[in-house]
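> Mind having a look at this structure? Questions to follow.
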Amino acid sequence: MKIAIMGAMPEEVAPILEKVGEYKVTEYASNKYYEATYNGVELVIAYSKIGKVFSTLTATTMIEKFGCEKLLFSGVAGAVSADLKVGDLIIASSLAQHDLDITAFGHPYGYVPEGKQFIETDKSLREVAKSVASEMGVTVKEGVIVTGDQFVCDLDRKNWIESTFKADALEMEGASVACVCDSLDVPFFILRSISDAADMDASFSFDEFMISSAKTSAEFVMKMVNKLG
Ligand code: ADE
């Protein structure tokens, strides 16, 4: 069983590379892929660069070129739900693209013909996450995560996203990775730790907390890997 672990930014995968210690680096399509074995599990680790296009390329490469059979995403997100504070973890139950808009033709936001407005993550990987959370004694929220090619730092946009998608958190890669994995029939899991509240202070909060929140998420995902071997 070969497992992909991806993030969007170097800071999101650095704690994972540190944990695995030794790895083989392959350069492909202007990116680096790190192959390692961790507690007997074969891993392919990469960060995609930010946004839906680069994350689509990386997820597809991990599956089609490196033969990954499951995919775990680890990273940070902006909180939409008032329940979520900096450092909290959220597991995506489903994901949607908040910036996909052909409503001019009568379709709902986030939907294109022959696609899905919401894509569900793998239930059994979510169960693994819940058992890790209960062993660690931490609370992990499960909810809707939405994705768009924009850093949201505006209350009106955040409120619109909340009311339109009933979203709990937002980021810039999850739904595109979901689309790839769903289309290629690869079970996938998206975990995020909150770095900001997607409001007017978001960029400052992101700069202050991104590294620590990325580490929280990465450490949790590695505990999941221990259970997947
Ligand atoms: N990732 C972390 N915070 C974010 C925000 N406010 N908007 C988009 N992606 C994010």
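> Find the all-direction average of the projected area of the Cα convex hull for region 55-165, expressing the result in square nanometres with one decimal place.
Numbers: hull surface 34.8 nm².
If I average the Cα hull's projected area over directions, I get 8.7 nm².
> Going highest first, how would you order 111-124, 170-183 by mean Cβ packing within 10 Å? Show your work: numbers first, answer last.
On the way: 111-124: 14.7, 170-183: 25.1.
Ranked from most to least packed, the peptides come out as 170-183, 111-124.
> Kindly flag which residue pairs out of 32/141; 70/123; 130/215; 65/141; 70/223; 19/85 have an alpha-carbon separation exceeding 24 Å in this structure.
On the way: 32/141 32 Å; 70/123 13 Å; 130/215 18 Å; 65/141 33 Å; 70/223 15 Å; 19/85 26 Å.
Over 24 Å Cα-Cα: 32/141; 65/141; 19/85.
> Among the DSSP beta bridges whose two residues both lie in the chain, what percent are antiparallel, rounded to the nearest 5?
Working: 17 of 46 bridges.
The antiparallel fraction comes to roughly 35 percent.
> While we're looking at this one, here's another question. If amide hydrogens are placed 1.01 Å from N in the peptide plane, which non-local residues have theirs closer than 5 Å to the one on residue 73?
Under 5 Å from the amide H of residue 73 lie the amide H atoms of 6, 189, 190, 191, each far enough along the sequence or on another chain.
> Given the -39500 (n - 2.57) contribution per DSSP H run of 4+ residues, what per-residue ellipticity at 222 nm results for the chain, rounded to the nearest 500 deg cm²/dmol?
On the way: 6 runs with 86 residues, N = 229.
When only DSSP H runs of four or more count, the value is -12000 deg cm²/dmol.
> Picking from 67, 106, 51, which is most flexible by a Gaussian network model of the chain using Cα springs under 10 Å?
Answer for the Gaussian network model of the chain: 106.
> Now a separate question. When all alpha-carbon pairs of region 2-228 are counted, what percent fall beyond 26 Å?
In whole percent, the share of Cα-Cα pairs in region 2-228 beyond 26 Å is 30.
Read-outs: derived from the displayed coordinates by stated rules, not from any lab. These numbers were taken from a predicted model, which means no experiment stands behind them. Positions of Cβ are generated from backbone atoms using ideal geometry, with glycine treated the same way; all protein chains shown enter the neighbour counts.
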